[in-house]
Every structure is written in C-alpha cells, then in structure tokens.
Amino acid sequence: MAAERDYVLGTHEEELARLGLQHRVWRPVVLDCWQRAGITVGKRVLDVGAGPGYASIDLAEIVGPTGEVVALERSQNFIRALETICRARSLANVKIHELDLMKGDLPKGDYDFAWCRWVISFVNDQSLLIEKLGAIMPKGSVAIFHEYGHYETWRFLPRLPMQERFREHVIATWRESGGEPDGAIQLPGLLGENGFVIRSIRPHIFCLRPSDYMWQWPATFIETYLERLIETGRIDHKFAEQVRTALASAEKNPNARMLTPLVLEIIAEKL
Ligand SMILES: C[S@@+](CC[C@H](N)C(=O)[O-])C[C@H]1O[C@@H](n2cnc3c(N)ncnc32)[C@H](O)[C@@H]1O
C-alpha cells in the first residue's frame with residue numbers, strides 16, 4: 001500500500017469525493033477543451049494519472065463503444081472506484097492499468113490522444129514522465145494537459161492572510177513530496193525535447209463569488225487538506241480553525257472574490 005501513502009493528497013474517501021466535485025465543477029471547461037482538441041466517437045484516449053476516473057468515464061461515453069480509454073493510475077483505492085463505476089454503467093471500453101508512472105514503461109497503444117490533468121504537480125520527475133509519453137504516443141497524436149502554472153494566483157479579495165499561509169503550506173508539502181505545484185511552466189520545454197509541437201496554450205483562471213458553483217472547488221480543497229495537514233502534524237487545530245473562520249468570513253462578505261490557481265491548458269501534437 002506504499003502507493004496510497006506516497007500520494008501527498010491521500011486516496012481516502014473524502015479525497016475521492018473531492019475529486020468528483022472538482023471534476024463536475026470543471027466539466028464545462030474540459031468538455032469544451034476536448035472538443036477543440038478533436039476528441040470524438042471512435043478515438044482512443046490515454047488518461048495519465050486517472051485518479052478515480054471521473055474524466056475517464058466522460059471520455060469513455062464520448063468515444064463510445066468503437067473507441068477506447070486506457071486509464072493509468074497507481075492507487076488501488078482509486079482503481080477500485082473506477083472499476084465499480086465502469087461495471088455500474090456497463091462501460092466495456094475502459095482499460096485500467098495499475099502502475100506507477102515513475103517506474104517502468106507506459107503501455108504502448110495506437111492512441112489518438114493523451115489526457116493528463118493535475119498529475120504533473122505530483123510526480124517527482126516531470127521530464128521522465130514526458131519522455132515516457134513521447135516514447136509511446138504515435139505520430140500525429142495529441143497530448144492535452146490541464147496543470148497548475150502559478151499556484152500563488154490563488155488568493156482572496158480582500159486578502160485573507162490565513163488562506164495565504166495555508167496556500168504556502170500546500171506549496172511546501174507538494175514540493176517536499178517531490179512534486180512541483182507550478183509544473184505546467186516546464187511543459188512546453190519538455191514537450192519540445194520529446195518530439196511534440198505546441199498547438200495551443202490557454203490560461204484558465206477565474207474570479208469567483210461565494211455563490212458560484214466553482215467556489216466549492218477550492219473551498220472543499222481547504223477543508224480536506226486542512227485535515228491532511230493536521231494528520232501529518234504540519235499544522236495544529238488552532239491554525240485550521242483560523243483558516244476556516246477566514247473562509248467563512250469571505251463567504252458572508254458580498255464584496256469578497258476568490259481568484260483561482262492558474263491552470264494552463266496545453267495542447268501539443270506528436271511529430
Ligand atoms: C489530483 S489527482 C488527479 C486525478 C485525475 N487526473 C483528475 O483530474 O481527476 C492526481 C492523481 O495522480 C496520481 N499519481 C500521482 N503520482 C503518480 C504516479 N507516480 N503514478 C501513477 N499515478 C500517480 C494520484 O494517485 C492521483 O490519482
């Protein structure tokens with residue numbers, strides 16, 4: 001079960017649910033991106049670091065029975081969750097590989113697309129991952145990334161000093177676990193070195209009100225990650241309460257806004 005412990009955000013039930021909410025909040029943006037990139041019926045898509053497979057399921061429905069989704073994931077808990085959903089929805093076009101992206105080769109296939117979201121921040125060797133992807137993606141295939149490019153854009157207006165201290169713990173703990181929160185910045189260079197040409201780069205950043213659905217994405221992250229930081233002894237209950245109080249005050253303030261962490265959408269074609 002080392003893989004469960006290795007992942008800085010955890011693979012427990014609350015994280016599974018949080019990833020589901022995160023996917024639902026982002027779904028309109030993601031569906032638009034997939035359409036622009038050309039994902040359609042009959043295509044074969046590799047989902048790199050699929051988690052519990054919320055995107056894999058949507059992709060499987062889009063590509064349909066003549067297409068295929070190959071999901072790569074290390075966590076057994078997440079894989080079990082994905083298997084359960086595939087069974088419940090009778091989706092026979094999802095293949096799941098339990099593997100550590102940092103160890104061994106990625107499965108070869110005649111993929112049309114690779115989809116990689118919020119994984120680059122958590123692997124401890126990004127260049128190795130892109131090298132492995134470059135080695136298996138066929139000529140003319142397309143790799144799509146949604147990854148953080150500047151995590152410090154995540155802030156509140158008016159400023160909440162406790163949220164900013166929390167954000168610094170997030171950044172520090174991801175780096176200590178071997179990841180890089182601003183990993184997207186390195187992708188264009190790494191993709192170029194591994195035979196990809198960039199088709200487009202698009203920033204996704206939002207300025208939210210508490211009543212916006214998307215507000216729930218960072219808000220639920222705060223709650224689950226506070227618990228994680230307490231569990232690992234990084235912060236105490238008093239710190240957590242101060243962050244919760246600050247968030248609650250913003251939620252009552254009609255002038256409050258939240259700027260989200262910058263996500264870069266990168267679409268690249270394999271030459
Ligand atoms: C933030 S989650 C994102 C999951 C999914 N891509 C999504 O968008 O919902 C990051 C995922 O990367 C996986 N992961 C991190 N490092 C990994 C590695 N070395 N090998 C395989 N999976 C890894 C984690 O287990 C987790 O499921």
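The values are calculated or read from the model by the stated rules, or taken from the named source; none is laboratory data. Worth saying up front: this structure is predicted, and the values here are computed from it rather than measured. Cβ atoms come from the backbone with ideal geometry, glycine included; neighbour counts cover every protein chain shown. Just so you know, the surface numbers come from the protein's heavy atoms only, side chains and all, with ligands and any DNA or RNA stripped out. Shrake-Rupley method; radii C 1.70, N 1.55, O 1.52, S 1.80 Å.
Which of (1) in contact (Cβ under 8 Å) with a residue 24 or more places away in the chain; (2) buried (at least 16 other Cβ atoms within 10 Å of the Cβ); (3) aliphatic (A, V, I, L, M); (4) within 30 Å of Ala256 (Cβ to Cβ) is the odd one out, the single condition Val142 does not satisfy?
Only one criterion in (1) in contact (Cβ under 8 Å) with a residue 24 or more places away in the chain; (2) buried (at least 16 other Cβ atoms within 10 Å of the Cβ); (3) aliphatic (A, V, I, L, M); (4) within 30 Å of Ala256 (Cβ to Cβ) is unmet by Val142, namely (4).
Starting from the stretch 97-121, keep only residues that are in contact (Cβ under 8 Å) with a residue 12 or more places away in the chain and under 13 Å from Glu73 (Cα atoms), then list their pairs with residues that are assigned to a loop (DSSP other than H, G, I, E, B) and more than 10 Å from the ligand (Cβ to nearest atom) whose Cβ atoms are within a distance under 7 Å, requiring at least 6 positions of separation or different chains.
His97/Pro107
Yes/no matrix, rows are residues, columns are (1) more than 23 Å from Glu265 (Cβ to Cβ); (2) within 12 Å of the ligand (Cβ to nearest atom); (3) open to solvent by less than 20 Å² (accessible area, probe 1.4 Å); (4) touching a residue at least 24 places away in the same chain (Cβ under 8 Å):
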site: Tyr7; (1), (2), (3), (4): yes, yes, no, yes
site: Val41; (1), (2), (3), (4): no, no, no, yes
site: Leu59; (1), (2), (3), (4): no, yes, yes, yes
site: Val63; (1), (2), (3), (4): no, no, yes, yes
site: Thr66; (1), (2), (3), (4): yes, no, no, yes
site: Ser90; (1), (2), (3), (4): yes, no, no, no
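Would you mind telling me which numbered condition in (1) under 19 Å from Met137 (Cβ atoms); (2) within 14 Å of the ligand (Cβ to nearest atom) Arg27 fails?
Every condition holds for Arg27 apart from (1).
Among the residues of the stretch 4-26, count how many are in contact with a helix residue (DSSP H, G or I) (Cβ under 7 Å, 6 or more places away or on another chain) and either of a type in the set (Val, Ile, Thr) or not in a loop (DSSP other than H, G, I, E, B) (or both).
13
What's the number of the only condition in (1) touching a helix residue (DSSP H, G or I) at 6+ places or on another chain (Cβ under 7 Å); (2) within 11 Å of the ligand (Cβ to nearest atom) that His97 fails to meet?
Failing condition for His97: (1).
Any chance you could count how many residues in the stretch 191-221 are assigned to a strand (DSSP E or B), under 14 Å from Arg155 (Cβ atoms) and open to solvent by 30 Å² or more (accessible area, probe 1.4 Å)?
1
Taking the stretch 92-107 as the search range and keeping residues that are in a loop (DSSP other than H, G, I, E, B) and open to solvent by 90 Å² or more (accessible area, probe 1.4 Å), which one is farthest from Leu191 (Cα to Cα)?
By that ranking, first place goes to Ala92.
Output the residue which, of all residues in the stretch 225-267 that are part of a helix (DSSP H, G or I) and among the charged types (D, E, K, R), is nearest to the chain's Cα centre (by Cα).
In this case the residue turns out to be Arg228.
I'd like the full set of residues that are surrounded by 13 or more Cβ atoms within 10 Å (Cβ to Cβ), assigned to a helix (DSSP H, G or I) and of a type in the set (Gly, Ala, Ser), limited to the stretch 68-88.
Of everything in the stretch 68-88, just one residue is surrounded by 13 or more Cβ atoms within 10 Å (Cβ to Cβ), assigned to a helix (DSSP H, G or I) and of a type in the set (Gly, Ala, Ser), namely Ala81.
Could you please let me know if Asp110 is closer than 30 Å to Val170 by Cα, more than 11 Å from the ligand (Cβ to nearest atom) and surrounded by fewer than 13 Cβ atoms within 10 Å (Cβ to Cβ)?
When the stated conditions are applied, Asp110 does not pass them.
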